[in-house]
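As structure tokens, the structure follows; a few thoughts come after it.
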Amino acid sequence: DQPSLTVPDSPQEIKELGNAFNELLDAQNQRLQHEKDFVSNASHELKTPIAAIRGNINLIKRHGDKHPDVIPESLGFIDEESLRMQNLITNLLHLSRADRADLVLKKVNLSEIAEQIGNQYKKTLAHKLKLNITPGLNISGNTDTLKQIIVALLDNANKYSPEETAITLALEKSHGKVKLSVKDLGVGIPDDQKKLIFQRFYRVDTSHSTEIKGSGLGLSIVSQLIKINNGDIVVLDNQPKGSIFEISFDEV
Ligand code: ADP
């Protein structure tokens, strides 16, 4: 049997078709606008360190002979800014790769993954890292991207909380879900920004963020990687202060 093709003939049907078509166009325009914003944000973020590097090179060229004392300080700036560029480019590459959600998911032991990353991370950290991991929790996921998610959240907890406070990496089963959380006792995130921080280049506008270096790309990468692993993330306030990033997965 040939499927029958229905041609809209009533005014109502034609109107509905028109609406559907307009919605499709709006979605397409929005995507294009996002792409444009992304390219212009990325260019802006790269221009800043390049300007600083070129400025310091010029300084050395012009004054290095007569005032060699400017050299070590300028080299320090060049070193710092080139590292910033390198991190930014690495993040941009991660983002473009995370866009292609073509990773194969399989049954993985998230408890083992969290335990392994937690123990590795502990060694590099000035904070005390508490591991609170229920063993034997399996999900359907991709090991490399799950590790990347945990490291990114620990990096942020480390950046946005004072060294004398503890960070907790926890994994538990709750309400039928496997929940992975990273908790810190740091600066916290205002309620109206809890969703915005997942947007590309978004940084909470406080003195903390200007003091603490970052590109605002980490959490947008995390958000895409969580989507690939079929998880959901929420941000909550920790007690008495700080933040909790909690990801829920289905157990398998
Ligand atoms: P970056 O840290 O490079 O700025 P992210 O995308 O990782 O970028 O985070 C976006 C913003 O969210 C940060 O600039 C910071 O303002 C806020 N943020 C992220 N994690 C935390 C945290 N654990 N505590 C407080 N603020 C955080």
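The values are calculated or read from the model by the stated rules, or taken from the named source; none is laboratory data. No experiment lies behind these values; they were computed from the predicted model shown. So basically every Cβ, Gly included, is an ideal-geometry build from the backbone, and we count neighbours across all protein chains shown. In case anyone asks, the SASA skips ligands and DNA or RNA and just uses the protein heavy atoms, side chains included. Shrake-Rupley method; radii C 1.70, N 1.55, O 1.52, S 1.80 Å.
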Condition met for Ser140 (more than 25 Å from Asp37 (Cβ to Cβ) and either of a type in the set (Ser, Thr, Tyr) or free of Cβ contacts under 8 Å to residues at least 12 places away in the same chain (or both)): yes
So Ile228, is it touching a helix residue (DSSP H, G or I) at 6+ places or on another chain (Cβ under 8 Å) and surrounded by fewer than 21 Cβ atoms within 10 Å (Cβ to Cβ): yes
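For every residue, the table says whether it meets (1) in contact with a helix residue (DSSP H, G or I) (Cβ under 8 Å, 6 or more places away or on another chain); (2) not aliphatic (A, V, I, L, M).
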position	(1), (2)
Gln33	no, yes
Asp37	no, yes
Ile50	yes, no
Pro68	no, yes
Leu83	no, no
Ser96	no, yes
Subset of the range 46-90 (residues that are within 16 Å of the ligand (Cβ to nearest atom) and either surrounded by 15 or more Cβ atoms within 10 Å (Cβ to Cβ) or not hydroxyl-bearing (Ser, Thr, Tyr) (or both)): Leu46, Pro49, Glu80, Glu81, Leu83, Arg84, Met85, Gln86, Asn87, Leu88, Ile89
Number of the condition not met by Ser243 [criteria: (1) on the phi > 0 side of the Ramachandran plot; (2) touching a Gly at 6+ places or on another chain (Cβ under 8 Å)]: (1)
Near pairs, Cβ below 6 angstrom, 6+ apart or cross-chain, from the range 212-232 (farther than 17 Å from Ala157 by Cβ and at pLDDT 90 or above) to any residue that is among the basic types (Lys, Arg) and within 13 Å of the ligand (Cβ to nearest atom): Ser220/Arg200
Considering residues of the range 231-248 that are closer than 27 Å to Val108 by Cβ and among the small types (Gly, Ala, Ser) only, the residue surrounded by the fewest Cβ atoms within 10 Å (Cβ to Cβ): Ser248
Condition check for Lys173: among the basic types (Lys, Arg), within 20 Å of the chain's Cα centre (by Cα) and at pLDDT 95 or above: no
Qualifying positions in the range 162-172 - out of contact with any strand residue (DSSP E or B) (no Cβ under 7 Å at 6 or more places or on another chain) and within 12 Å of the ligand (Cβ to nearest atom): Pro162, Thr165
Residues located in the range 129-155, provided they are at pLDDT 95 or above, within 16 Å of the ligand (Cβ to nearest atom) and either open to solvent by 40 Å² or more (accessible area, probe 1.4 Å) or not hydrophobic (A, V, I, L, M, F, W, C) (or both): Lys130
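Residues are listed down the side, and each one gets a yes or a no for (1) of a type outside the set (Phe, Trp, Tyr); (2) open to solvent by 70 Å² or more (accessible area, probe 1.4 Å); (3) within 9 Å of the ligand (Cβ to nearest atom); (4) over 20 Å from Ser96 (Cβ atoms):
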{"residue": "Gly176", "(1), (2), (3), (4)": "yes, no, no, yes"}
{"residue": "Ser181", "(1), (2), (3), (4)": "yes, no, no, yes"}
{"residue": "Gly188", "(1), (2), (3), (4)": "yes, no, yes, yes"}
{"residue": "Asp191", "(1), (2), (3), (4)": "yes, yes, no, yes"}
{"residue": "Gln199", "(1), (2), (3), (4)": "yes, yes, yes, no"}
{"residue": "Thr206", "(1), (2), (3), (4)": "yes, no, yes, yes"}
{"residue": "Ile212", "(1), (2), (3), (4)": "yes, no, yes, yes"}
{"residue": "Ile221", "(1), (2), (3), (4)": "yes, no, yes, no"}
{"residue": "Gln224", "(1), (2), (3), (4)": "yes, no, no, no"}
Lone unmet requirement of (1) farther than 19 Å from Ser96 by Cα; (2) free of Cβ contacts under 8 Å to residues at least 12 places away in the same chain for Ile60: (2)
Matching residues, the range 91-124, being of a type in the set (A, V, I, L, M), surrounded by 15 or more Cβ atoms within 10 Å (Cβ to Cβ) and free of Cβ contacts under 8 Å to residues at least 60 places away in the same chain: Val108, Ile113, Ile117
